[in-house]
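Each reported figure results from applying straightforward, stated rules to the coordinates on display, with no laboratory input. All figures in this text were calculated on a predicted structure; none of them were measured in a lab. As a convention, Cβ positions derive from the backbone with ideal geometry for all residues, glycine included, and neighbour counts pool all protein chains shown.
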Amino acid sequence: MKLSEIAAALGCRLEGDGALEITGVAATERAGPGQLTFLANPKYAPKVKHTRASAVLVTAPIPGLDTAFLLTDDPYLGFARALALFYQPPRPAPGVHPLAYVAPTAIVGENCSMGPFAVVGERVRLGRNAVLHPHVVIYEGAEIGDDFLAHSHASVREFCRIGDRVILQNGAVVGGDGFGFAKRADGTHFKIVQSGVTVIEDDVEVQSLTSVDRATVGETRVKRGAKIDSLVQVGHACTVGEDNIICAQTGLAGSTVLERNVLLAGQVGSSGHLTVHENAIVYAQSGIGGDVAPGGRISGSPAFAAQEWLRAVTAFPKLPELLKTLRELKKRVDELEKHAQSDAAPR
C-alpha cells in the first residue's frame, strides 16, 4: 500500500515520498524498511531517531530523521487505525455449520455465521451479520443486535440483552448467576434465585474469561462504549458507565456504580454499594471503600487521594530511620527533664 494512500485513509498530512510502498506497521525498535511506526510520547524521541522504518506517524517532523512523516494530532490513534488497514481477523463465511444448532423458534438476521457446536436457544433474537465461533452458546430468550461477534466458549445467558457491535472474547460470560446466598439458622446457605438480567449496550467489548453477572432483581448494565479487560468480575446489579476502561483482574462487588469515563487500573477492588463518579481514575491494586468524587484520582488500599498516597509511599521506607530518630530525641528529652528536675530540687 502506498504511503500516500495510507495518509489519505488516515486523514494525515504527508511529508516525504508518497510513492513509498508500505507493507505493514511495527513498533519503533522492530520496524524496518517498508514499515510504518509512530511516536506518541516525546520522551521516546531518541529511540525513534534510530528507527529503520520508512515512515513515522508524529505530531511534527523530527529533525535529523531521514524518513517520511505522517503528521497527525494523535499518532497513537493513527497507528491503531493503520493496523486495521493491514490486518483484519479472518471472518467465517456466512451460514450455519452443519454441527451448529439453531432452535426452531430463534429469529436470526441475515448474513450470520455460526461455527461448529455453536448453539442458539429457543426464542433468541439475533441481529444481522453476527459471527458465532465454535462452542458459543446463546441461551433461551436472549436478544442481541447487529454485528455481534462472539469468540469460542463465550456464553450469553437466558433473557439477557445485548446491543449492536458488541464483541465477546473467548470464555466471556454475560449473565451468569450473581453471587447471592441467604444463611440459614444451621449455618448452611440457601441460594437466592438470580431473576434479573444483564444488559450490554452498543459498542462494548468484553475480553477473555470475564464475567458480567445477572442481577438478583432488576439488571446489571454495561453502558455504551465500555471496554472490559480479561479476568474481570462485574457483580450483580452493577452499572458500568459509558466509555469506561476496566483493566484486568478488577472486581466490582454488587451494586457498584461507575459513571461515565471512569478508568479502573489492574487489580482494583470495589466493596460495592458505592459510586465512582465520572472521569475518576483509580490506580492499580486500589481498594475502593466509598464513593469517589468526579475527576478524583485515588490509590492504595483502602484507597485515598493519589497525591497523598504518593507522599505516604515515599515516606514509608523512611519510617524505620524516623522511628530511630524519634526514640533518640525522646531519650534526650527525658534526660533534659531529669536534669531540670534535679536542678529544681531543694538543696
Roughly what percent of Cα-Cα pairs across the stretch 171-265 reach past 19 Å? 35
With axes computed from alpha carbons, what is the tilt in degrees of helix 306-315 against the longest principal axis of the chain, rounded to the nearest 10 within 0 to 90? 50
J(HN,Hα) series, the stretch 125-134, from Karplus relation 6.51 cos²θ - 1.76 cosθ + 1.60, nearest Hz, glycine and proline x: 10, 10, x, 6, 6, 5, 10, 10, 6, x
Which of rounded, prolate, oblate describes the stretch 43-166, given a ≥ b ≥ c as roots of the alpha-carbon gyration tensor eigenvalues and a/c under 1.5 marking rounded, otherwise prolate only if a/b is larger than b/c? prolate
Order the peptides 7-17, 267-277 from the highest to the lowest mean number of other Cβ atoms within 10 Å of their residues. 267-277, 7-17
Hey, got the dipole for the chain? About the Cα centre, +1 on K and R Cβ, -1 on D and E Cβ, debye to the nearest 20? 1040
Just the number: Rg to Rh for the stretch 3-86, Cα atoms, Kirkwood Rh, two decimals. 0.90
Note, Ala9: beta-carbon cut-off 11 Å, +1 each Lys/Arg, -1 each Asp/Glu, net +1
Over all distinct alpha-carbon pairs, what is the Kirkwood Rh of the stretch 205-317 in angstrom? 13.7
With θ set to phi - 60° and the Karplus curve 6.51 cos²θ - 1.76 cosθ + 1.60, what are the ³J(HN,Hα) couplings of the stretch 90-105 in order, to the nearest whole Hz, using x for Gly and Pro? x, 10, x, 5, x, x, 9, 4, x, 8, 8, 10, 10, 4, x, 8
Which Cα, out of Pro116, Gly295, Ala100, lies furthest along the positive dipole direction of the chain (beta carbon charges, K/R +1, D/E -1)? Gly295
What's the magnitude of the charge dipole for the stretch 207-269 around its Cα centre, counting Lys and Arg as +1 and Asp and Glu as -1 at the beta-carbon? Answer in Debye, nearest 20. 100
Ordered by fewest other Cβ atoms within 10 Å, a rough proxy for footprinting exposure, Thr105, Thr220 read Thr105, Thr220
I'd like the antiparallel share, as a percent to the nearest 5, of DSSP beta bridges with both residues in the chain. 10
Can you check what the net charge comes to around Asp213, using other residues whose Cβ is under 14 Å from the Cβ of Asp213 (Lys, Arg +1; Asp, Glu -1)? +1
May I ask you to evaluate 6.51 cos²θ - 1.76 cosθ + 1.60, the Karplus curve with θ = phi - 60°, for each residue of the stretch 181-193 and list the ³J(HN,Hα) values in order in whole Hz, giving x for glycine and proline? 9, 10, 7, 7, 4, 8, x, 7, 10, 9, 6, 8, 4
Within the set of other residues whose C-beta is less than 14 Å from the C-beta of Gly225, count the net charge using Lys and Arg as +1 and Asp and Glu as -1. -3
Tell me which residues come under 5 Å, amide H to amide H, from Thr220 once H is placed; ignore anything under 5 positions away on its chain. Val197, Thr198, Val199, Ala215, Ala237
Determine the principal axes of the Cα atoms in the chain, then give the extent along each, sorted from largest to smallest and rounded to whole angstroms. 110, 76, 30
Name the chymotrypsin sites (Phe, Trp or Tyr not before Pro) in the stretch 2-110 that are in a loop by DSSP and that have at most 12 other C-beta atoms within 10 Å, would you? Tyr87
Given unit charges at Cβ for Lys, Arg (+) and Asp, Glu (-), the dipole magnitude of the stretch 3-86 about its Cα centre in debye, nearest 20, is 320
Peptides 288-295, 170-177 ordered by average Cβ neighbours within 10 Å, highest first: 170-177, 288-295
